[in-house]
Structure formats: structure tokens, C-alpha cells
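Please read the structure below before turning to the comments.
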Amino acid sequence: MAAGRSHLALELATLPLWILAGAALEIEGQHLLVFSLSYTLASILLSPDLDLRRTSVGRRWGPLRVIWVPYFLLFRHRGLSHSLLWGPITRVGYLACLTAAVWCTVVRLSGVSPVIPAVNVHVPALAAGLYFPNTLHVLLDRACSLRYRVG
């Protein structure tokens, strides 16, 4: 199986190629920036391997890695979390639920009315940045599994 470092190396090595392809397609700079940032963060912090108890991506979270314990208890390795479609949704949805729970708790305890700022996010660029490294990760896992079975 491919090691976590192999996944990260492949994902980060291909990022400049994706950016060049986007520039060649005349995609706006702001969209490329959003794509690049979300791609980098997804590669470093939101790997499909968060479904493992001990993993390099978990260590990158430092003391906050404890927030991923329920995630790896919910999702078996290479299950839904490694789905091309559902993998990023499980991780982003999980983080959204945690964030909402913390937000609601802080608001309730502080008694302050919540103010949610308007954010101008380029959703397609953000989604592409989340999905591209996930796809590379899953395809590398599948290629390594196939190679292992065949040879």
C-alpha cells in the first residue's frame, strides 16, 4: 500500500500542473487561488486516511487530532471515507457538524447573539480543491492494491 508520504508527495507535486492547466484554460486568478488553498489544505489536513487510528495526517492536526477519533470510529478504512464522491463530503460534513456544535455552545454560554459574516466563496474552485487530492489518493490506493493482488 502507498504510504501517507507517497500520497502527500503525489498530491503536492501535481498541484502546479493543475494550476498551469487552470491558467491555460483562462480560469480567473481568484478561482485558482481558492483552488490552490483548498487543494493544499485538503492534501495536508483532510486526507481519506483520517479513518485510521494512527496516521501521518492525524499527527498533522497536533493536539486537535483528538477531534477525529469519532470519525475513525464511524468510518472503516477504505470504506465510505475513500469514496470518490462521498469521501470529501464525509470529512467536510464532519467538520461542519463539529464547528456548528462548538459555535452553538459558545453562543449559548456567552448569551451573545450570533453574527454570521457573509463570505464570498468560489464554490466550484473550493470543491475542486477538495476533490482533486481525494481522487489522487483513492486512485493511488486502488493502483497499489491492484499491483499487490496481481504481482
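What follows is calculated from the coordinates using simple rules that are stated; it is not laboratory data. Keep in mind that what you see is a predicted model, and the values were worked out from it rather than measured. Glycine gets a Cβ as well: all are built from the backbone with ideal geometry, and neighbour counts include every protein chain shown.
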Taking neighbour counts of Cβ atoms within 10 Å as a proxy for exposure, in what order, fewest first, do PHE132, PHE35 appear? PHE132, PHE35
Treating only the Cα positions of the chain as identical point scatterers, give the base-10 log of I(q)/I(0) from the Debye formula at each q in 0.09, 0.11, 0.12 Å⁻¹. -0.34, -0.50, -0.58
Among LEU126, LEU25, which comes first, then next, by fewest other beta-carbon atoms within 10 Å? LEU25, LEU126
Taking Cα pairs under 8 Å and at least six residues apart, what relative contact order does the chain come out at, in percent? 37 percent
Could you give the alpha-carbon Rg of the range 7-47 over 2.2 N^0.38 Å, rounded to two decimals? 1.15
Give me the one-decimal nm value for the distance between modelled label points at ARG76 and SER110, 7 Å along each residue's Cα-to-Cβ direction. 4.2 nm
Mind checking the full-extension length gain between LEU41 and ASN120? Use 0.36 nm per residue of separation minus the Cα-Cα distance, one decimal, nm. 26.6 nm
